[in-house]
Amino acid sequence: MTAGTSKDAAGGGPRSQAAVKAALTAQAVETPSWAYANSGTRFKVFAQPGVPRTPFEKVDDAAQVHAYTGVAPSVALHIPWDRVEDYGALAAHARERGLRIGTVNSNVFQDDDYRLGSVTNPDPAVRRKAVRHLLDCVDVMEETGSRDLKLWFADGTNYPGQDDLRTRQDRLAEALHTVYDRLGEDHRMLLEYKLFEPAFYATDVPDWGTAYVHCLRLGPKARVVVDTGHHAPGTNIEFIVATLLREGKLGGFDFNSRFYADDDLMAGAADPFQLFRIMYEVVRGGGFTPDVAFMLDQCHNIEAKIPAVVRSVMNVQEATAKALLVDAEALDAAQRGGDVLAANGVLMDAFSTDVRPLLAEVRTEAGLDPDPVAAYLRSGRQERMAKERAGGEQAGWGA
């Protein structure tokens with residue numbers, strides 16, 4: 001298949017090259033503030049010269065990614081990693097650089113008080129502390145104009161009998177309801193899940209089903225967020241995506257790659273075919289809209305920050321372009337006819353398409369350099385930052 005035409009994902013007529021380009025131009029990938037500062041693994045954080053020293057400088061770096069890709073118009077915050085005295089000023093700073101503040105991510109996993117959990121902790125005082133932080137994050141949303149509050153809980157137990165599993169779910173539900181009731185009219189709550197870590201016996205939100213059940217009970221403002229690294233090996237993530245889209249409960253993604261566990265590598269680096277399959281289900285299921293937030297969640301431990309984020313954005317663009325090029329009409333015919341090889345071949349044809357020339361055209365027509373990474377490196381900004389900035393702050397937990 002060439003990159004000239006495709007078919008409409010719902011099975012209609014052919015999608016023109018103009019339509020594919022328009023879809024790619026309209027795509028938005030949110031980048032995370034913590035990806036620009038010193039961050040890494042639990043083993044070691046390798047400091048790099050020129051990393052941001054303040055949340056304002058993180059926004060400056062995010063603006064560079066948007067300037068070279070044209071599709072990264074928002075930056076996510078992590079509280080308290082991005083705590084400032086005046087969040088309105090931070091939002092204004094973002095606007096001046098052509099950005100907006102995106103998702104506000106809460107942090108109830110770093111304090112010593114959370115050793116036995118945050119909102120599911122046996123101690124009511126600890127639970128109140130955690131909920132206060134979540135409510136504070138809603139305040140940040142109001143001050144910055146953010147739409148989404150993302151919740152991830154490290155809560156769980158390490159040993160059988162350590163705590164009552166059902167009671168912990170009750171505590172979780174109570175906390176979620178308290179925060180949900182505080183949301184503004186245009187706010188959303190995105191609940192993230194994770195198979196394990198740091199809890200090893202039972203994690204309180206271990207899978208999409210648990211997150212879905214809580215979101216279903218909360219109401220229409222609550223949706224599930226899928227981190228592509230948070231699954232057991234062999235998990236069919238695109239099935240989860242298709243199901244959540246079908247139920248109207250997919251709120252967004254944290255895109256990254258993993259070889260073993262929650263590696264947080266660049267999106268598409270480990271399994272680009274999986275990223276393509278996920279994006280096909282997004283396109284097929286009507287999820288290629290602002291209602292589904294596409295965000296990166298990555299730790300660039302050994303690679304330069306800004307070029308790595310740019311590369312991840314480009315990888316998401318390539319997977320999206322290939323998904324848009326799937327001949328849905330031919331695929332539907334093969335599926336209805338039970339032609340296994342033909343159906344698989346349609347997907348493989350789209351995946352095998354070299355979409356880089358198409359994306360180069362999209363960027364050129366938007367007034368951008370066709371090779372964003374090379375253009376950024378030529379700019380000399382990386383070297384200037386190393387001279388102008390000193391002592392970048394760690395974005396993680398001080399590993």
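The values are calculated or read from the model by the stated rules, or taken from the named source; none is laboratory data. Small disclaimer: the values here were computed from a predicted structure and weren't measured. Neighbour counts run over all protein chains shown; Cβ positions are idealised from the backbone, glycine included. With ligands, DNA and RNA removed, areas are computed over all heavy atoms of the protein, side chains included. Shrake-Rupley method; radii C 1.70, N 1.55, O 1.52, S 1.80 Å.
Quick notes on this one:
- Any hit, the stretch 180-202, residues being modelled with pLDDT of 95 or more, of a type in the set (Lys, Arg) and either in contact with a helix residue (DSSP H, G or I) (Cβ under 8 Å, 6 or more places away or on another chain) or more than 26 Å from Ser146 (Cα to Cα) (or both): yes
- Every residue from the stretch 23-50 that is in a loop (DSSP other than H, G, I, E, B) and touching an Asp or Glu at 6+ places or on another chain (Cβ under 7 Å): Tyr36, Ala37
- Restricting attention to the stretch 319-331, the residues being under 18 Å from Met279 (Cβ atoms) and open to solvent by 20 Å² or more (accessible area, probe 1.4 Å) number 2.
- Selection of the stretch 361-399 for residues being at pLDDT 95 or above, in contact with a Ser or Thr (Cβ under 6 Å, 6 or more places away or on another chain) and under 25 Å from Phe46 (Cβ atoms) yields only Pro372.
- Among residues of the stretch 357-378, those that are surrounded by 14 or more Cβ atoms within 10 Å (Cβ to Cβ) and farther than 16 Å from Thr25 by Cβ, counted: 5
- The single residue among Leu341, Leu359 that is out of contact with any Asp or Glu (no Cβ under 9 Å at 6 or more places or on another chain) and either over 28 Å from Ile278 (Cα atoms) or hydrophobic (A, V, I, L, M, F, W, C) (or both) turns out to be Leu341.
- Unique residue being under 23 Å from Ala35 (Cβ atoms) and in contact (Cβ under 8 Å) with a residue 40 or more places away in the chain when the list is Val316, Val362, Val355, Val326: Val316
- Qualifying residue in the stretch 51-60 (condition: closer than 25 Å to Glu303 by Cα, open to solvent by less than 60 Å² (accessible area, probe 1.4 Å), among the aliphatic types (A, V, I, L, M) and not in a loop (DSSP other than H, G, I, E, B)): yes
- Residue check, Val326 in a helix (DSSP H, G or I) and among the β-branched types (Val, Ile, Thr): no
- Annotation: Asn301 fulfils all but one of (1) in contact with a helix residue (DSSP H, G or I) (Cβ under 9 Å, 6 or more places away or on another chain); (2) surrounded by 17 or more Cβ atoms within 10 Å (Cβ to Cβ); the unmet one is (1).
- Looking across the stretch 89-116, the residues that are crowded, with 20+ Cβ neighbours inside 10 Å, among the hydrophobic types (A, V, I, L, M, F, W, C) and part of a loop (DSSP other than H, G, I, E, B) come down to Leu99, Val108.
- Enumeration of residues in the stretch 316-360 that are at pLDDT below 95 and closer than 21 Å to Ala269 by Cβ: none
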